[in-house]
Amino acid sequence: MSAELGEMLRRAREAKGLTLEDLQERTKIQRRYLEAIERGDLHVLPGHFYTRAFVRRYAEMVGLDPDQIVQQYEAILPKTEEPAPVSTITQSRASRRRAMAAGGWTVRVLLYAFVALIVVVLVLAWRHGTNTAPEGQDPFQNGTVQIEPPPSSDSQAARTVPGSPVAPSAPTDQVDKPDQPSEPVAQPQLQPVKTDGPTWVYVVKGADRLTIAVTASRERCWLQVRKAEEAGGRFRNGAVIEEVSLARGQSKTWEIADAAAIRLRPGNAPGVDVTINGVPLPTTDMPQPVTVYLKRETRRRLKAA
């Protein structure tokens, strides 16, 4: 039946007078995936979710009813699977940062110990120099030598040798105690909530602000960033933060701390790379058009929950 589905889609495309290159440009689906759909090789497509999404997009572009196509060939289309959460990325980054913090603390301890050792060596050398009799003077010329006990940690008792000057007390240097390593802070996590159709929703956990970085890596792209509010599971658009048009190779970053939710509207999602607090979004797999909502949950909210 998959071959029958592919043949029907191919005939519809040819009836529209469209080539595979035309369809690739309109759907943003790679040509090798379009060819696989027409051959009936659905196993070539990248995952169960994208198989359904690509078939629906193909049918829509050639004038067929996507819902009817999916219902008619339900038996051969794989079931949609929930994408795996991307918290593993943030967990590995948190582990690396904890290791770096522990390594920095060890370096500081070794540095302070080295400085303390140098100070002790210098003090001992200075004391040895003051206890040496001046050149040409016999330390036993008066017949007595007074031996003093070792100096205490608070002050150095003067070593008295008849006929020799009294040595001043040795200076002591304060060595600061190394800073205690701070408790590692939980790193933000990006949790997918809805990743099908024209609207995708993510929850950003454990972040006091959103850092949105966009790079037009593959093609130019228009992008709108605006605030949003969620009520009863629905989002309401707020004030527009900025609209930009990025040429290929250009980048733009936003730091947003005063919004509970953000709405991203890329004009060409597969042509750009987007990261949220350092975690990438799967833009190359997003359909066209697409709207992405980012709902922020701060550490304060998580603790209250």
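Rolled with a 1.4 Å probe across the full set of protein chains, the surface gives Phe114 an accessible area near 120 Å².
For Leu210, nonlocal amide neighbours, meaning residues 5 or more places apart or on other chains whose placed amide H falls under 5 Å from its own, are Ile256, Ala257. Calculated accessible area for segment 210-297 comes out at 46 Å² per residue, all protein chains present (probe 1.4 Å; ligands, DNA, RNA ignored). Phi angles of segment 6-17 translate, via the Karplus equation with coefficients 6.51, -1.76, 1.60 and θ = phi - 60°, into HN-Hα couplings of x, 5, 5, 5, 4, 4, 5, 5, 5, 5, 7, x Hz per residue; Gly and Pro are given as x. The heavy atoms of Thr195 offer some 10 square angstrom of accessible surface to a 1.4 angstrom probe. Solvent-accessible surface (1.4 Å probe) assigned to Met8 amounts to roughly 50 Å².
When all protein chains stay in place and ligands, DNA and RNA are ignored, the 1.4 Å accessible-area order of Arg39, Arg10, Arg263, largest first, is Arg39, Arg10, Arg263.
The values are calculated or read from the model by the stated rules, or taken from the named source; none is laboratory data. Since the structure is predicted, the reported quantities are computational estimates derived from the model, not experimental observations. Surface areas here come from the heavy atoms of the whole protein model, side chains and all, with no ligands, DNA or RNA. Shrake-Rupley method; radii C 1.70, N 1.55, O 1.52, S 1.80 Å.
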